[in-house]
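Notes follow once the structure below has been shown.
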Amino acid sequence: MPWVSTPIAATTTSQSAISDPETSRPQSLPEGFRPSSERFTLHQIFYIFVVGGLGSAVVSGAINFTIAYGMYATADTSKSPIRLWQFPYTLAGDGGLSIPIQCTITWWLEVWLVNRHLRRGRVQAIGFMPEPKTRFFRWFMFLNDRPVRDHERGGGKMMHWLLFAGSHFARALIVSAVAFTVVWAPSVAVLMFVSLKGDEKKGTPGCEHDWCYKRKWAPQIFKSVKGSVLGILTTPLIVLFWLVRCGWALRNNEAHYGER
C-alpha cells in the first residue's frame with residue numbers, strides 16, 4: 001500500500017545484501033525519505049513521546065470526555081442508575097469495550113500518519129534496532145520470510161485489501177489485549193473507590209448490589225482519564241513500531257512493507 005510501502009526497487013539488491021540482510025544498505029534513498037538514524041535523536045524522542053504520546057493523551061481524553069458527557073449526563077437514571085457492572089449504564093463494560101475500539105483507531109491513524117511523515121522527511125526512521133528472531137515477533141513486525149507475491153498484491157485488488165486490513169486488525173487486537181490487561185482492572189478499582197457511599201447510595205434506587213455513580217462528573221472524568229492513559233501508553237509504542245519497521249525496510253531494500 002502507498003503509505004506503508006517504500007519505492008525502492010528490490011531487484012537492485014546486491015548479492016552480499018541478500019546473504020547478510022542485517023548489514024545491507026539501500027543504494028539510494030527513495031524520494032522524500034531521510035537516512036535512518038544510528039541512534040535515537042532528540043527529534044525522534046520528541047516525535048514519539050510528545051507529539052505521539054502527549055498529543056494522543058490530550059485528544060483521546062477530550063474525545064472520551066465528550067462521548068461520556070453525551071452518554072451519561074442526560075441519561076434517565078430514575079429506574080436504571082449508572083452502575084459499575086449492571087446494564088444499561090455499566091462503566092466497567094464501557095471501559096472494557098472502549099479499549100479495543102481506541103487501540104484499533106489509534107493503530108490505523110498511526111499507520112497513515114507516521115508513514116506519511118516518513119515519506120515526507122518530517123521524521124527519520126530508526127535504523128539501529130536488530131530484527132527479532134522468534135517467529136511470532138517476526139510475523140508481528142511484518143518480517144515475512146516469504147515475500148508478498150505479485151498476484152497477492154495485484155489481481156482484483158479486493159483480496160489484497162482484505163488481507164491488508166485483516167493483518168492490521170489482527171495486530172491492533174493484540175495491542176488491545178495487552179492494553180486491556182494493563183488498564184482495565186486498575187480502572188475498575190478506581191471506580192469502586194469513587195462510587196457513591198452511605199446515605200447517598202442508599203437513597204438511589206437500584207444500587208443495593210452494585211457500585212453507583214451520579215450522572216456528573218465521575219463517568220466523564222473516568223472515561224477521559226482512561227482514554228488519556230491508554231493513549232499515552234499505546235501511541236508511542238505504535239509510533240516506534242513504524243519508525244523501526246521503516247528502518248528495516250530501508251536497510252533491506254524492501255519494495256513494500258507492512259502488508260501482511
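Every read-out reported here was derived from the displayed coordinates using simple, explicitly stated rules and does not represent laboratory data. Model, not experiment: these values are computed from the prediction. Here the Cβ is made from the backbone with ideal geometry for all residues, glycine too, and neighbour counts use every protein chain on show.
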What's the exposure ranking of T41, T74, going from fewest to most Cβ atoms within 10 Å?
T74, T41
Just to verify a number: FRET efficiency for H43 and V194, C-beta to C-beta distance, R0 = 35 Å, to 0.05?
0.30
Pairs K133/K157; K202/K223; K197/K226; K197/K223; K201/K226: which are spaced more than 28 Å apart, C-alpha to C-alpha?
K133/K157
Taking a cut-off of 26 Å, what percent of all Cα-Cα pairs in the range 31-251 are separated by more than that?
48 percent
Relative frequency of Cα-Cα separations exceeding 13 Å in the range 101-143, percent
68 percent
At a 10 Å Cβ-Cβ cut-off, how would you order V229, V183, fewest neighbours first?
V229, V183
Taking the convex hull of the alpha carbon atoms in the range 155-260, what volume per residue do you get, in Å³?
143 Å³
Label-to-label distance, nm, for residues given as D76 and R122 (7 Å Cα→Cβ offset):
4.6 nm
